[in-house]
Amino acid sequence: RVADWLGTVLEHDLGPSGLPFRLRDIGLAESTRELPFLLGAGRVSNRRLSEIVSHHMPFDGLVAGDAWTGYLNGFIDVLARHEGRYWILDWKSNWLGDGAPAYGPEGLEAVVRGHGYAMQMALYALAVHRWLRARLPGYDYARDFGGVALLFLRGVADPRAQDPSTGVYSLHPPRTMIDALDEVFDPWPAS
């Protein structure tokens, strides 16, 4: 079933959701799957991290615990490049309800807020921002970073969906949020 959903997502026109491409048009040389990242988190306060993200994105909860120690590592499902801009794509298979309306703007906003996906999107964006800043000569966040998209497979693949943006939650995290997060996490590359 997931293979069927992914087939539909690859063919889906993501333009109405703010992504100017179809995934099938992104060649292998223009994408990286399961991109690993590592953020030094030796001085991260959960309260400050939550304040930053909730100020800019739909996020209600505090992260558990008082502070982080060590490192945060993870893997980004897909980093795609299209016409010089980089896009983070993350697959979601959540069941949000029966039918396409559950995967519309209100349903997606609620799940992004309630499941901490805003925090995930923010951390992924910071990781890619740092990666591009270190590797792309003349990197400019506004010009080179396209945004982050959560692709809720059940919503995108629902044949009853009449709105082409059903199942896609996308945004371009504000640079002010990225800069604030950049100050909270340990410098990278480490000096």
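Choose one of P16, H82, F59: the residue whose Cα lies farthest towards the positive end of the charge dipole of region 2-84 (beta-carbon charges +1 Lys, Arg; -1 Asp, Glu; about the Cα centre).
F59
Under a point-charge model restricted to the Cβ atoms of Lys and Arg (+1) and Asp and Glu (-1), what is the dipole moment magnitude of the chain relative to its Cα centre, in debye to the nearest 20?
320
Å³ per residue of the Cα convex hull, for region 128-170?
For region 128-170, the hull spanned by Cα atoms encloses 80 Å³ per residue.
Across region 138-148, in residue order, what do the Karplus-derived ³J(HN,Hα) couplings come to in whole Hz, using 6.51 cos²θ - 1.76 cosθ + 1.60 with θ = phi - 60° and x for Gly and Pro?
My calculation for region 138-148 gives x, 3, 9, 3, 5, 7, 9, 9, x, x, 10 Hz in order.
Expressed in whole Å with the largest first, what are the equivalent ellipsoid semi-axes of region 51-135 derived from the C-alpha gyration tensor as the square root of 5 times each eigenvalue?
In descending order the semi-axes read 24, 20, 12 Å.
Pairwise over distinct Cα atoms, reciprocal of the mean inverse distance: report the Kirkwood radius of the chain in Å, one decimal place.
By the Kirkwood definition, the hydrodynamic radius is 17.3 Å.
What 222 nm value per residue comes from the helices of the chain, counting each DSSP H run with n ≥ 4 as -39,500 (n - 2.57) and dividing by all residues, nearest 500 deg cm²/dmol?
-10500 deg cm²/dmol
³J(HN,Hα) across region 154-166 via Karplus (A = 6.51, B = -1.76, C = 1.60, θ = phi - 60°), whole Hz, x for Gly/Pro?
Rounded to whole hertz, the list is 4, x, 5, 7, 6, x, 7, 5, 9, 8, x, 8, 4.
Find the Cα radius of gyration of region 1-47, compare it with 2.2 N^0.38 Å by division, and give the number to two decimals.
1.74
Can you pull out the trypsin sites (Lys or Arg not before Pro) in region 1-90 that DSSP calls coil and that have at most 16 other Cβ atoms within 10 Å?
R1, R22, R43
On full extension of the chain, what length is gained from R43 through D25, given 0.36 nm per residue of separation minus the C-alpha to C-alpha distance?
Contour length minus the Cα-Cα distance gives 2.4 nm.
Quick note: the coordinates plus some simple rules give every number you see, no bench work behind them. Everything numeric in this text was worked out from a predicted model, so none of it was measured. For neighbour counting, all protein chains shown are included, and Cβ atoms are generated from backbone atoms with ideal geometry for every residue, glycine included.
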